[in-house]
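Notes to accompany the following structure.
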Amino acid sequence: MSWDALTEGSEQAQSPESSRQKSGWQDSVRQQSSDRGMLGLFIFAVVTAIAMIYEFGGALNSYFTSDDLVLVNYVYRVFNGDPGLLLRMFTTVWMPDSTQEIFYRPLVEASYALDFLISGTNPLGYHISNFLYSFFAAFAVFSIGKSLARRFEFPHPDAIGYVSAFLFAVNPLHAEVTTWIVGRVDGLSTMFYLAAFALFLKLPPSTKISKHYIGWLSLSAFALALLSKEMAITLPPTIFLCCLFLSEEKKAEEKVRTSLMLSLPYFAVLALYLPVRYMAIGTLIGGYVGALGDAMQHSILDSIMRLNHLWKAAFPFNEEFIDGNGAIATAFHVFYALAGVYLVVRLFFDWYHKKQLKLFAFLLSWLVLQYLPLLQVFKLSQSLAGGRLFYLSTAILSIIVAIALVPGGKTRLAERRKRLLKAFACVLLCFLSSLFVIVGKENNNAWIIAALHVKELQKEIKSAVSELPEQRKLLIAYLPMQVLGAFVFNRYYLLQALLSPPLLPDDISNRVSVLEPRFYMSNTAIPPGVLRRKLADKEKNRTVFWNVDRFKLTDLSPAADECDENRTAKQSLPELCLDTATVPDNTIISAKRPFKSSAVRFVEVDLVNTKPSLKTGKMRKMYLRFEDLPEPPRWMDFWCAAPYDPGLKFQTLRFPVDEVFSWYLLKQRSKFSMYHGTGHNFSLSAARLVDGRDLTPQLSVAGKNLRECNDGVYRPIAFPLEFKYDVSNVSAASSCICELSRPRSMFQLENYTYRGTSLSKKPLKTWTLTRTTGSISIDKEVFPENACYQLRVFARKADGHIAGTSSDLIYLGISDLRQGQDF
């Protein structure tokens, strides 16, 4: 006879009075347990809030950065003359800007609108919202950890819930989500995602979701998660897998059928969401498109080979702040060593039943499932840029760590050693939690500093513009894409939003211009030909750059005369000498005399590979580093990259040094160094300075049908569009090849140089011009859609090969601005 039957029989034998007494005793126990649970939750909430405020609170009043600027400007228009934009959030693409991103995230925009209604342009309200999203997500992790531990029969489910929630709340990777306001894309979505899963696990087993109010709450949270970010589509298969691992059915077919029935309502919500998404943005998939999409996409195989970047999640500190070989890194190594010993002891002495092992299998499956959509685009950098995409993963990892470290269950250890093991587990958890909070506070400083840069930049530009005469513009030659890994600027219209209402009472954006509309190359790459042309035009432009060290706009004037594109005198450049003995694995390249950096466009080196690989064509990069001098800001890159083929024995590498902004700040050069690896199979046979005059063809706008806008884009006044080209200066040129990019694409992102040496693999149009000088005329019919394009020319040899490099790029904006917008 079963224990339940025995219990039932004994209860039947009891008198009514004793039954009432037992019932009252059980109610009292349940009430006490509930009170203890509420007290525990309250203490957890207080401790977690204090830890999070210490870790992330320093940024609560920091300014807007990057995409925040555009979103604040967008919701400002909702409440100032264009209320229809509120509805449009739910019927069109995110922000709405389809030039580089096609996403459907209306709830995020709506959250900005709510914050603007309450807080206006004070960033405090927005930061508090982000903080609360992370705080409430931690409670959902607590519920999930506790429910999973209980359902898979782990001891101490409450402890597992508390530990997993706290580790999630203070994870150092969360600075980007909690502090960067637009990081709420992941914060809001993950909060609703985890809430939906937590509510599902609260349902009584085998209960139909449609028959219980908790089920409806769970489905509603899932719908809200989908409206925040499309990554929430992984929830239905996650619930299916959870049910599959929990199922007690004997036959596999029954397991699948039961699991499918329980998860079917979530698939139904997903099925309703997809057509809504399609009607709003015109596609089911979306994502990054154009140049940015091309640059971020990698093949499945390449993405799998790059998975070593996930190792950074185990050492979640920003290496721009924290030394990768310093005390913090050592502390993480010590923790993992001690945790390894602890786990070995537990694996050897503890008893694990089948159901507990199933939980580990489910959590690992969930981790892989939610990472799959990110496989081709996500990479966790040394500065933790992109860490927001790993936000949901940290919830799963926190539960795994909690289950692994919280002691309990059957063990072969003696009672005294069992207590020692529990104490050791407490020490490990306190050690990890403290380490997380300390490191998270340091990581958060990057975003505080980035926000300070944006705020100071706004003040500096406002002051500089007020001092300029009406006929001159402020040309900003350099703005950082990132500061210490925190995003600042990558597009002109972010700067425009910073300089217009509501963030400034008066719109001064029309007085400020940049070199190109989007800064996607690297943190310090610039289009050199455009800069030379703008520097030469002193009457129209005051050229400045943002000095990252000094938080100041600094005039870019020392090399203005030398950078004049119209100069004709060819300067004599010194010879270069090679030294391979001074620094191991490096070649020191020294000039026989100092030279002006403005006179050099390329540094060429002849590379010898004594052990070429069997396959050719798979390009890698080699780096040339400039001599360190005190003039440039220390956060600027001092290196330049050039591709090489490891399958070739001899090849010439051409480093486009004048595409690196720090090159313009160094008046004179005399020395370089080139790292060529520890394999000892590479060496340099020669090196040369090249002024580039006989390598780069000329392309310019002709006629009056195009106007140059503040974002560096030429936009048509009328058609056809006229251009002049001249490739006669390039050695061996016999004709000209002209290329027009696809809409929203950028040639420079194919090989990460503004002056390519090969034709694009995917141009919109390529045509040959038989003369070495002449004109180009382009009608409107050539452009298939309203978007931004690029135009460039190459010199072509008589044998059909490319001679030299491409010309400087010309951006063409064909009705690419939204209604009422003007650059």
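The values are calculated or read from the model by the stated rules, or taken from the named source; none is laboratory data. Given the structure is predicted, the values throughout are model-derived calculations rather than measurements. Note that each Cβ is placed from the backbone with ideal geometry, even for glycine, and that neighbours are counted across all protein chains shown. The area values use the complete protein model at the heavy-atom level, side chains included, leaving out ligands, DNA and RNA. Shrake-Rupley method; radii C 1.70, N 1.55, O 1.52, S 1.80 Å.
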Theoretical gain in end-to-end length, Leu117 to Arg688 [0.36 nm per residue, Cα-Cα removed]: 199.5 nm
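Going down the table (Lys611/Lys761; Lys462/Lys552; Lys250/Lys410; Lys649/Lys671; Lys540/Lys596; Lys534/Lys671), which pairs top 24 Å between alpha carbons? Walk me through the numbers before you get to the answer.
Working: Lys611/Lys761 30 Å; Lys462/Lys552 12 Å; Lys250/Lys410 26 Å; Lys649/Lys671 26 Å; Lys540/Lys596 26 Å; Lys534/Lys671 28 Å.
Cα-Cα > 24 Å for Lys611/Lys761; Lys250/Lys410; Lys649/Lys671; Lys540/Lys596; Lys534/Lys671; rest within.
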Mean separation of Cα contacts under 8 Å, 6 or more apart, over the residue count of the chain: relative contact order %: 11
Förster radius 51 Å - calculated FRET efficiency between Thr91 and Lys762 (Cβ-Cβ, nearest 0.05): 0.95
Peptides ranked, highest mean first, by Cβ atoms within 10 Å: ranges 273-283, 782-792: 782-792, 273-283
Protection proxy ranking of 366-373, 162-169, 701-708, 495-502 - average other beta-carbon atoms within 10 Å, highest first: 162-169, 495-502, 366-373, 701-708
Note, ³J(HN,Hα) from phi for the stretch 70-85, Karplus 6.51, -1.76, 1.60, rounded to Hz, x at Gly and Pro: 5, 5, 5, 4, 5, 6, 4, 5, 4, 9, 9, x, 9, x, x, 5
In degrees, nearest ten, helix 415-467 long axis to first principal axis of the chain (Cα): 40
Cα-based helix-to-principal-axis angle, 213-228 vs the chain, degrees rounded to 10: 10
Label point at Leu357 placed 7 Å out along Cα→Cβ; residues across the stretch 231-269 whose backbone nitrogen lies under 16 Å: 245-246
Using alpha-carbon coordinates, inclination of helix 391-405 to the longest axis of the chain, degrees: 40
Inter-label distance for Ala581 and Met38, nm, one decimal - labels placed 7 Å from Cα along Cα-to-Cβ: 8.2
Packing-based ranking, highest mean first, of 805-814, 721-730, 182-191 given that Cβ atoms within 10 Å are counted: 182-191, 805-814, 721-730
Inter-label distance, nm, simple model (7 Å from Cα along the C-beta direction), Val276/Ala414: 6.3
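Starting from the Cα gyration tensor of the chain, take the square roots of the eigenvalues, sort them a ≥ b ≥ c, and report rounded, prolate or oblate (rounded when a/c is under 1.5, otherwise prolate if a/b is larger than b/c, else oblate).
Since a/c reaches 1.5 and a/b is larger than b/c, the shape of the chain is classed as prolate.
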Heavy-atom surface of the stretch 105-161, accessible at 1.4 Å and reported per residue (Å²): 33
Rounded if a/c under 1.5, otherwise prolate or oblate - the stretch 735-818, Cα gyration tensor axes: oblate
Whole-percent carbon and sulfur share, accessible surface of the stretch 364-462, 1.4 Å: 64
Solvent-accessible surface ranking, highest first, for Ile448, Ile508 at 1.4 angstrom: Ile448, Ile508
Length added when fully stretched, Ser613-Glu442, from 0.36 nm per residue minus Cα-Cα: 57.3 nm
Accessible area of Asp799 in the full protein assembly, 1.4 Å probe (Å², nearest 10): 100
Contour excess over end-to-end distance, with Cα ends at Ser572 and Leu217 and 0.36 nm allotted per residue: 120.2 nm
Spin-label model distance (nm) - Arg550 vs Glu249, 7 Å beyond Cα toward Cβ: 7.2
Rounded percent of accessible protein surface that carbon and sulfur make up, the stretch 679-823, 1.4 Å probe: 46
FRET E, pair Val782, Ala268, Förster distance 56 Å, beta-carbon r, rounded to 0.05: 0.75
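Under the rule a/c < 1.5 gives rounded, and otherwise a/b versus b/c splits prolate from oblate, where does the stretch 324-391 land using the Cα gyration tensor? Provide the component values of the computation, followed by the final result.
Working: a/c = 4.60, a/b = 1.20, b/c = 3.83.
It is oblate, given that a/c is not under 1.5 and a/b is not larger than b/c.
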Accessible area in square angstrom per residue, the stretch 185-290, 1.4 angstrom probe: 47
